């Protein structure tokens, strides 16, 4: 798991209860990275402390840009992304650099 901090908590969809939504400046842990094809191939992620389930449908993950990461964890993020099947064959470095705000 990779530590991250919520930097954007606005725009909660009504399908996701407040108890399952990220809170500004709170620390969380990234567990999986996805390419969200229906949202223009932006990166999405699963957060350990906020497991979205079928009750949140159609939402299954958070937009990764809602979170900031420590620059020292950048290599860990790239390694995790390379392990995620949804990103297989993509330029991981380019995706990460384009879409992440690194604190």
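The values are calculated or read from the model by the stated rules, or taken from the named source; none is laboratory data. Bear in mind that the values here come from a model prediction, so they are computed numbers and not experimental data. Cβ atoms come from the backbone with ideal geometry, glycine included; neighbour counts cover every protein chain shown.
Observations, loosely collected:
- Any hit, segment 37-47, residues being under 14 Å from the mean Cα position of the chain (by Cα), more than 19 Å from residue 18 (Cβ to Cβ), in a loop (DSSP other than H, G, I, E, B) and modelled with pLDDT of 75 or more: yes
- Residue within segment 7-17 that is under 11 Å from the mean Cα position of the chain (by Cα) and surrounded by 14 or more Cβ atoms within 10 Å (Cβ to Cβ) present: no
- Some residue of segment 65-75 being part of a loop (DSSP other than H, G, I, E, B), modelled with pLDDT under 95 and out of contact with any helix residue (DSSP H, G or I) (no Cβ under 8 Å at 6 or more places or on another chain): yes
- Residue in segment 28-36 that is within 13 Å of residue 2 (Cβ to Cβ), touching a helix residue (DSSP H, G or I) at 6+ places or on another chain (Cβ under 6 Å) and touching a residue at least 40 places away in the same chain (Cβ under 8 Å) present: yes
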